[in-house]
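Only the coordinates and a few stated rules stand behind these numbers; no lab work does. For clarity, every value in this text was computed on a predicted model and none was experimentally measured. So basically every Cβ, Gly included, is an ideal-geometry build from the backbone, and we count neighbours across all protein chains shown.
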Amino acid sequence: MTETIHNPTDPIADLSKSPLPTGKTLKMRQSLPFQFTRFLSFNGRIMRMVVKGHH
Amino acid sequence: MAEVVILGAGVSGHTAALHLRRLLGREHTVTVVSPNSQWNWIPSNIWVGVGEMDKKHVVFPLAPVYARKGIGFRQAKAVAIRPNGDLVNSRGAVDIEFTNAEKAGTTERLRYDYLINATGPRLRFEATQGMGPGGFTESVCTADHAVEANHKLRAVIEVLKTGTPQTLVVGMGHGTCTCEGAAFEYVFNVDHELREAGVRDLARVVYLTNEAALGDFGVDGMVFDQQGFQTTSELWTGSLFRERGVEAILGAHVSKVEEGLIHYETLDGSTHTIEFDFAMLIPPFGGVPLKAYDADDNDITAEIFAPSGFMKVDADYTVKPYEQWRAEDWPTTYAAPGYDNLWAVGIAFAPPHQISRPRHTANGTLVAPSPPRTGMPSGVMGKTVALTIADRIKHGANSPAHTASMARMGAACVASAGAGLTRGSAAAMTMLPVVPDYQRYSTGRDERETRGELGLHGHWVKLMLHYLFIYKAKARPGWQLIPE
């Protein structure tokens, strides 16, 4: 995570309650075998969308 | 013999032209009018804007494709529509003005039997003083803008390498902008490039948006089913901003840009300024300046077009509060009221209202993300109208119109968060329908099909779509098998 330097006068959104991904999640996001399965899954979803929703 | 004219050669117009040519015999003509000589796969401009892709990989010349397919092409801009013809001829006509070097400025009145307006957006940089390539901020809305943005970004990275801190602001240049997804993509691609260059720790990266909440994307946000729990695109997006250390300023209307300084107002009515060394701000969109005249040359522009310049179609334009907006308000056939041979698709049609809840600042300034109607929905609309026209030419004028409401159709949105075959990532989202239908679904959308996921696979999907859609747009063998 990058350390950010806030200008105190800027209305920066408070993201301190946003969940940070765990180390495992970050690793899985870049894991080639796992991401290949997600790639196939997402393409399946797009095709379902084409079949169900394009009318 | 029927003559079909299509104004615009973006995703919607080009898709319509290719399908019409495929569906109609050669005795019928299909003519495209576009002021641009090149087709541009705009979603990949993001990568041009950070130097990950050359301009030549996102554009190609239209004329050879149209010549090969037997589609007429005028490199010209439409200036007026005459849906009832003129005193000489009652057939509809469109007045065009050539933009290519050989015939620049010359005009032609082009007759049509069927007309599709797919003119896309006018980039309204002038809406905010000092914004845009002619001012002090960059853009990625065209390939040339993106090239320039990359030059400026590289200069900032060089300064960072000397150890001098820099502030980079990416976002929306007006309270009524659309295409928040593009700014979202660009900010995370910039973040990725800064990390790759080893200078991220010296850079302050700020996302300045008109969205009232992160993850709104101009579609009122999304609710996902994640491991048995409902989660929101706001929470999911917030996580990415926190993880990457990108600061977010929400609900902002940018009022003015000076050299190195952005003036903006937030929903609570307070006004602020932020200094920048590099800024990329998306402009608000408007319809292209098209006039309309009746057969007696009376100006009927206000009858055909909404004040925004977008063309009115079969939507319910009754002004009503957000709580009364319904999925049924959205158009299904894209036909202009009162005309059975005139349609508007893609960005060119006037939406009945926003999708995201509009808000006013305490000072009364409108902050209302406009509805996105690009990409997948745009292509579907183009094809739908092409099918309607082909049916009417082949089977008679009474053939029913094909339909494709944004309140029924789904869309995939792949927002790049960094390029690279093994180090890239993207937020890959699907939503069904695009316009939420709270009467049909408790969360507005089908939770089984509305999902979001971050990871390397998203980058692969975006790259795959880049090559697939350029292949399709070039009308290579089997192009029609690639869905819109």
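Calculate the spin-label point distance for B:S90 paired with B:V147, positioning each point 7 Å from the Cα along the beta-carbon direction, and give it in nanometres.
Between B:V147 and B:S90, the label points sit 5.0 nm apart.
What order do you get for B:311-318, B:438-445 when each peptide is scored by the mean count of other beta carbon atoms within 10 Å, highest first? Please report the intermediate quantities before stating the final value.
Values: B:311-318: 18.1, B:438-445: 15.8.
Averaged packing, sorted descending, gives the order B:311-318, B:438-445.
By counting other Cβ atoms within 10 Å of each Cβ, how are B:W236, B:W47 ranked from fewest to most?
Values: B:W236 22, B:W47 25.
Ascending number of Cβ neighbours within 10 Å: B:W236, B:W47.
Which residues does the label zone of B:V159 cover in region B:253-274, counting backbone N under 11 Å from a point 7 Å along Cα→Cβ?
B:260-261
Output the direction-averaged projected area (hull surface divided by four) of the convex hull of the alpha-carbon atoms of region B:15-91, in nm².
Values: hull surface 28.2 nm².
Directional mean of the projected Cα hull area for region B:15-91 stands at 7.1 nm².
May I ask you to compute the full-extension gain from B:Q324 to B:E196, defined as 0.36 nm times their residue separation minus their alpha-carbon distance, rounded to one decimal in nm? Provide the component values of the computation, followed by the final result.
Details: separation 128, 0.36 × 128 = 46.08 nm, distance 4.78 nm.
Value of the extension gain: 41.3 nm.
Which value in nm describes the separation of the simple spin-label points at B:I482 and B:D54, placed 7 Å from the Cα toward the beta carbon?
My value for the distance between the label points is 2.0 nm.
Between rounded, prolate and oblate, where does region B:375-450 land on the alpha carbon gyration tensor, with a ≥ b ≥ c its root eigenvalues, rounded for a/c under 1.5, else prolate if a/b exceeds b/c?
Working: a/c = 5.10, a/b = 1.66, b/c = 3.08.
The shape class here is oblate.
In nm², what is the average projected area of the convex hull enclosing the Cα atoms of region B:297-416?
Numbers: hull surface 41.2 nm².
Value for region B:297-416: 10.3 nm².
May I ask what percent, to the nearest 5, of DSSP beta bridges between residues of the protein assembly as shown are antiparallel?
Values: 49 of 84 bridges.
Bridges in the protein assembly as shown are about 60 percent antiparallel.
What average number of partner chain Cβ atoms lie no more than 10 Å from the Cβ of the residues making up B:203-213?
Values: counts 1, 6, 2, 5, 1, 1, 1, 0, 0, 0, 1.
The per-residue average across the peptide is 2.
When each pair of different Cα atoms in the protein assembly as shown is counted once in the 1/r mean, what is the Kirkwood radius in angstroms, to one decimal?
Details: mean 1/r = 0.0419 Å⁻¹.
Here the Kirkwood hydrodynamic radius works out to 23.8 Å.
Just tell me how shielded B:234-243 is by partners: mean number of partner chain Cβ atoms within 10 Å of each residue's Cβ, no decimals.
Values: counts 1, 3, 2, 2, 7, 6, 4, 4, 11, 9.
For this peptide, the per-residue mean of nearby foreign Cβ atoms is 5.
How long is region B:113-231 along each principal axis, judged by its Cα atoms, biggest number first, in Å?
60, 48, 25
Between region B:383-427 and region B:274-311, what is the C-alpha centre distance in whole Å?
23
Against the empirical 2.2 N^0.38 Å scaling, what ratio does the C-alpha Rg of chain B come to?
Values: Rg = 22.3 Å, N = 484, 2.2 N^0.38 = 23.0 Å.
This ratio for chain B stands at 0.97.
Step through the table entries B:K256/B:K291; A:K27/A:K52; B:K291/B:K312; B:K55/B:K474; A:K27/B:K472; B:K56/B:K161, compare each Cα-Cα distance with 23 Å, and write down the pairs that go over it.
Working: B:K256/B:K291 30 Å; A:K27/A:K52 33 Å; B:K291/B:K312 13 Å; B:K55/B:K474 16 Å; A:K27/B:K472 35 Å; B:K56/B:K161 29 Å.
Checking Cα-Cα distances, B:K256/B:K291; A:K27/A:K52; A:K27/B:K472; B:K56/B:K161 exceed 23 Å.
Please state the relative contact order of chain B as a whole percent: Cα pairs under 8 Å, 6+ residues apart? Mind dumping the intermediate values first?
Working: 1141 pairs, mean separation 82.7, N = 484.
About 17 percent, as a whole number.
Let a ≥ b ≥ c be the square roots of the eigenvalues of the Cα gyration tensor of region B:338-475; is it rounded (a/c under 1.5), or, if not, prolate (a/b larger than b/c) or oblate? The partial results should precede the final answer.
Working: a/c = 1.95, a/b = 1.22, b/c = 1.60.
Verdict is oblate for region B:338-475.
Which shape class, rounded, prolate or oblate, goes with region B:220-343 when its Cα gyration tensor gives a ≥ b ≥ c as root eigenvalues, a/c under 1.5 marks rounded, and past that a/b bigger than b/c marks prolate? Before the final figure, lay out the partial values.
On the way: a/c = 2.87, a/b = 1.49, b/c = 1.92.
Oblate, because a/c is 1.5 or more while a/b does not exceed b/c.
Taking each residue in A:34-40, count the Cβ atoms of any other chain within 10 Å of its Cβ, then average. What number comes out? Walk me through the numbers before you get to the answer.
Details: counts 3, 9, 3, 1, 9, 9, 1.
Rounded to a whole number, the mean comes out at 5.
Stick to the Cα atoms of region B:420-484, pair each with every other, and give me the Kirkwood hydrodynamic radius in Å at one decimal.
On the way: mean 1/r = 0.0720 Å⁻¹.
The Cα-based Kirkwood calculation yields 13.9 Å.
If you wrap region B:92-173's Cα atoms in a convex hull and average its projection over all directions, what's the area in nm²? It would help to have the intermediate numbers written out before the result.
On the way: hull surface 33.3 nm².
Taking the Cα atoms of region B:92-173, their convex hull projects to 8.3 nm² on average.
Per Stokes-Einstein, at 4 °C and 1.567 mPa s, what whole-number D in µm² s⁻¹ belongs to region B:1-130, with the Kirkwood radius over Cα pairs as the hydrodynamic radius? Walk me through the numbers before you get to the answer.
Details: Rh = 16.0 Å.
Taking Rh from Cα pairs, D becomes 81 µm²/s.
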